[in-house]
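In what follows, a structure is listed as structure tokens, so that the remarks can point back to it.
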Amino acid sequence: MADQLVPAELLRKADKILFVAHLALGDFTYMQNCFRAFARAFPHIRMHLWVDEVRRTPDAAQWEHLSKYALYDWVRACGMFDKIYDKTYSPQLYRQSIEEARGEHYPIVVSFAVLRRHLYAELARKLSPDSFVVGQKKRVRLLDIRKHLAYRKLDAFIPAYASAGQDKHISAIYAGWFESLFGFHIPGQDRFPYVDMPQQWLDRARADLQRQGIPGDAPLVFLNAFSKSEERSWPLQRMVELAGRMRLMEQWKDAHFILNVMPEKLALARAEIAADSSGRLHLFSAEENFFQLPAVLSLCRLIISVETAVMHLANAVHVPVIALMRQTSPEWTPIDTASSTVLNVKSRKGWLTEISVEDVAAIVTR
């Protein structure tokens, strides 16, 4: 690819590269393939990863929670990165990380940040003042001097994409970024998400289910109502009601239901299911390690999830999923159309609360 953004000669000479991103689990579900393709194309280049914490705060009470972000377990375990900057959640650690990165003298820095792009252009240049820097760039108003100056710090840029109205899947968008940057193509079959599951977490998941009294041959249904944003969440009570409806269906009469809950919502969830006397509802939270989540997902017969990483991980562990989605991010639909059923809200900017229990139950009975 003659017009790739990072010069081929620079890639031949470089011994390392720094990728900067405000990664979420859903992002890495698809971008992992791109990093793997880069490692194969340029085995002589060591990859370093800066995971920027957009929730960075001076509030020390939040640091312990932020330091345990499940994504860190996954990126460490994938084995592709020689160095990971994962302590950017406090202002002081953020400054220390910048100084540490500057000491590496990276020949290439690439920012994939799609939020506050101009600030990440400035950060990328600050991390390595003399390197070849690439970042996302968005059109800027004529008199927005701060952003114009920020984007001048880039040696090349990846054009920004608008979420709504995309006719490409997010995996194709990410693959396109890497192709334009480095000149190699990632074919469709190599964009499918995967999780290299440590056996210890599969064994642990089976043991945990057994301790909860769930028979080994019982069908398992994983229910996830929570997203980080309210508009993409579903009321927990509706998931509880849905489980009750499904127990009345012949194909699910022996099923047990795993109700996924964020650690900070556990008290709420216990109160919500207190009246349930079926013994078939079980709370789950991956409090210890990221791999607790895909391990449990892989043991399920069906996953029902709102628009968050769980629905993408369902594809990665090859379990059928019913995805409850808004219409605002069509590029984020599950990639495995054969084993995924998408239930969209009816209005263009509607919240997931528009979807009723009856809507989901109707799909389950098909």
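A short reminder: the numbers here are calculations on the coordinates, not readings from a lab. If you're wondering where the values come from, they're calculated on a predicted model, not measured in any experiment. Neighbour counts are summed over all protein chains in view; Cβ atoms, including those assigned to glycine, are modelled from backbone coordinates with ideal geometry.
Starting from the Cα of residue 114, move 7 Å in the Cα-to-Cβ direction to define the label point; list residues of the range 68-84 whose amide nitrogen is under 19 Å from there.
Zone members listed by number: 71.
Please say if the range 221-327 is rounded, prolate or oblate, where rounded means a/c under 1.5 for a ≥ b ≥ c the square roots of the C-alpha gyration tensor eigenvalues, and otherwise the choice is prolate for a/b larger than b/c and oblate otherwise? If you can, show how the numbers build up before the last one.
Values: a/c = 1.31, a/b = 1.12, b/c = 1.16.
Rounded, because the longest to shortest axis ratio a/c is under 1.5.
Over all distinct Cα pairs, what is the inverse of the mean 1/r for the chain, reported as the Kirkwood hydrodynamic radius in Å?
On the way: mean 1/r = 0.0452 Å⁻¹.
Here the Kirkwood hydrodynamic radius works out to 22.1 Å.
Need the C-alpha centroid separation for the range 303-340 versus the range 24-80, integer Å.
So the two Cα centres are separated by 21 Å.
So between residue 15 and residue 199, what do we pick up on full extension, going 0.36 nm a residue minus the alpha carbon distance? Spell out each step's value before the answer.
Values: separation 184, 0.36 × 184 = 66.24 nm, distance 3.33 nm.
Computed gain between residue 15 and residue 199 is 62.9 nm.
Suppose every Lys and Arg Cβ carries +1 and every Asp and Glu Cβ carries -1, with no other charges. What dipole size does the range 200-364 come out with about its Cα centre, to the nearest 20 debye?
On the way: 17 positive and 19 negative charges, 25 e Å.
Dipole about the Cα centre, nearest 20: 120 debye.
So how many Lys-Lys pairs in the range 8-190 land under 14 Å Cα to Cα, not counting same-chain pairs under 8 apart? Mind showing how you got there, number by number?
Numbers: 16/83; 68/87; 126/153; 137/147; 137/153; 138/147; 138/153.
Lysine pairs meeting both conditions in the range 8-190 amount to 7.
What distance in nm separates the two pseudo spin-label positions at residue 61 and residue 83, each 7 Å out from Cα along the beta-carbon direction?
The two pseudo-label positions are separated by 3.6 nm.
Using only the Cα atoms of the range 51-166, build the gyration tensor, take square roots of its eigenvalues as a ≥ b ≥ c, and label the shape rounded, prolate or oblate: rounded if a/c is under 1.5, else prolate if a/b is larger than b/c, else oblate. Mind showing how you got there, number by number?
On the way: a/c = 1.60, a/b = 1.44, b/c = 1.11.
The shape class here is prolate.
If you average 1/r over all unlike Cα pairs in the range 36-103 and invert the result, what Kirkwood radius do you get in angstrom?
About 13.2 Å, per the Kirkwood formula over Cα pairs.
What is the gain in length, in nm to one decimal, between residue 358 and residue 276 on full extension, counting 0.36 nm per residue of separation less the C-alpha to C-alpha distance? Don't skip to the answer; put the middle values down first.
Details: separation 82, 0.36 × 82 = 29.52 nm, distance 1.96 nm.
In short, 27.6 nm is gained.
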